[in-house]
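Shown next, in structure tokens, is the structure this report addresses.
The values are calculated or read from the model by the stated rules, or taken from the named source; none is laboratory data. Here the structure is a predicted model, which is why all the values come from computation and not from measurement. Note: ideal-geometry Cβ built from the backbone for every residue, glycine included; neighbour counts use all protein chains shown.
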Amino acid sequence: MESLIPWTKLLADIEPFHLKGQRGHPPIGLGRMLWVYFLQQWNGQADEALEDALYDSQALQGFARIDLAAEACLMSPRS
């Protein structure tokens, strides 16, 4: 994917519209958010379904560059 998609340009185009964390939960990084968005679209999953899939699949975690052991505070499980 990295060789097919001009990530730097895509991130620069999207950055002005990315939430700045002024209200609610602090946003995750734009790059990670974009990877997760692509996963969601390619797999046709709703937000909660993708969140569950990320917890269950090390392959999806690797693709989205998420290390749950190191980032436990970023993605806390739903009650």
### Message
With the requirement that a residue be small (Gly, Ala, Ser) and assigned to a helix (DSSP H, G or I), what does region 1-21 give you?
### Response
Ala12
### Query
If a residue has to be over 20 Å from Phe63 (Cβ atoms), at pLDDT 85 or above and surrounded by 11 or more Cβ atoms within 10 Å (Cβ to Cβ) to count, how many in region 1-29 make the cut?
1
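Results for (1) exposed (fewer than 11 other Cβ atoms within 10 Å of the Cβ); (2) at pLDDT 90 or above; (3) small (Gly, Ala, Ser), shown as yes or no for each residue.
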{"site": "Gly31", "(1), (2), (3)": "no, no, yes"}
{"site": "Leu34", "(1), (2), (3)": "no, no, no"}
{"site": "Phe38", "(1), (2), (3)": "no, no, no"}
{"site": "Ala46", "(1), (2), (3)": "yes, yes, yes"}
{"site": "Phe63", "(1), (2), (3)": "no, no, no"}
{"site": "Leu74", "(1), (2), (3)": "no, no, no"}
### Query
Taking interchain pairs and intrachain pairs at least six residues apart, which have beta carbon atoms under 9 angstrom, with the first residue in region 30-44 and over 19 Å from Lys9 (Cα atoms) and the second at pLDDT 90 or above and not in a helix (DSSP H, G or I)?
Leu39/Gln45; Gln40/Ala46
